[in-house]
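Here is the structure we will look at, set down as structure tokens.
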Amino acid sequence: MLQRLTGVEAVEVRLPQELNRLDGLIIPGGESTTIGKLAAMYQLTEPLRRFADEKPLWGTCAGMILMAKEVGIDQPLLGLMDIVVERNAFGRQKESFEEDLYVKVLEKGASKPFHGVFIRSPRLVETKGKAIEIARLANGTPVAARQGNLLVTAFHPELTDDTRFHQYFLGLIK
Ligand code: GLN
């Protein structure tokens, strides 16, 4: 997705020193417990926290869980955003779903829906402090938030053809 956007060089990051040359970072989906444990094992946890102090960080799905301060269970977190998240909030793998979202912060976001792909997704139980909700499902469940240079989405924008969320993130970098 990033490579499709002009002027962006995208690289993969696995080690702390690879953070140095970046302008922004996306923590992808996956399994938040595994990502959190591996981050600790590879001494990435503190460098990631420092990175977020200075530069834009976007967590999708499992990445959103890692960035939350509260998830209600004990697992390694970065604990960066004033959000309460519930893991697997919509049920098991077969309850994964897709839904069109109206996300006003995106280009034409009020009229042109963004297709949300939710895979064993978490939900936002609460956005508090400086965190601001930016997207919700038709039933009112919040599914994306921003806090300064920090962005979280419960869904996977990289699994659509729509680059608007990535464009929005690049806007935080610029
Ligand atoms: N269910 C995963 C978790 O709790 C997140 C799934 C995903 O990233 N698509 O970590």
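Please treat every number below as a calculation from the coordinates, not as lab data. Computed from a predicted structure; not experimentally measured. Note that we place each Cβ from the backbone using ideal geometry, even for glycine, and neighbour counts take in every protein chain shown.
Quick one: of the DSSP bridges fully inside the chain, what percent are antiparallel, nearest 5?
Working: 17 of 26 bridges.
Beta bridges within the chain, antiparallel portion: roughly 65 percent.
Every helix of 4 or more DSSP H residues in the chain counts as -39500 (n - 2.57), and over all residues that averages to -6000 deg cm²/dmol at 222 nm. What is the local net charge at Leu15, summed over the other residues whose Cβ is closer than 14 Å to its Cβ (Lys, Arg +1; Asp, Glu -1)? Summing Lys and Arg as +1 and Asp and Glu as -1 gives -1. What is the distance in Å between the Cα centroid of segment 117-132 and that of segment 1-34? If we compute the Cα centre of each part, the gap is 21 Å. Taking every C-alpha pair closer than 8 Å and separated by at least 6 residues, the mean separation divided by the residue count of segment 77-174 gives a relative contact order of 27 percent. Computed on the chain, the Cα convex hull volume stands at 111 Å³ per residue. Just so you know, the averaged projected area of the alpha carbon convex hull for segment 101-174 sits at 5.0 nm². Enumerate the amide H contacts of Gly59 below 5 Å, restricted to partners 5 or more residues apart or on another chain; note that Pro and chain-start residues carry no placed amide H. Placed amide hydrogens put Ile27, Leu151, Val152, Thr153 under 5 Å from Gly59. Rounded to the nearest 20, the Cβ-based charge dipole of the chain about its Cα centre (Lys and Arg +1, Asp and Glu -1) stands at 180 debye. Applying a threshold of 24 Å to the alpha-carbon distances of Lys104/Lys128; Lys69/Lys130; Lys69/Lys108; Lys69/Lys94; Lys55/Lys130 flags Lys69/Lys108; Lys69/Lys94 as lying beyond it.
May I ask you to compute the full-extension gain from Lys112 to Lys37, defined as 0.36 nm times their residue separation minus their alpha-carbon distance, rounded to one decimal in nm? Before the final figure, lay out each step's value.
Details: separation 75, 0.36 × 75 = 27.00 nm, distance 3.85 nm.
Value of the extension gain: 23.2 nm.
Distance between the modelled labels on Asp161 and Glu98, one decimal in nanometres: 1.1 nm (7 Å Cα→Cβ projection).
Taking amide H as placed 1.01 Å from N in the peptide plane, Leu80 has its amide H under 5 Å from the amide H of Ala68, Lys69, each at least 5 places away in sequence or on another chain.
A cut-off of 5 Å between modelled amide H atoms, ignoring neighbours fewer than 5 places along the same chain, links Gln147 with Ile132. Applied to segment 158-172, the Karplus parametrisation 6.51 cos²θ - 1.76 cosθ + 1.60 on θ = phi - 60° returns per-residue 3J(HN,Hα) values of 6, 9, 10, 9, 8, 8, 5, 5, 5, 4, 4, 5, 4, x, 5 Hz, with x for Gly and Pro.
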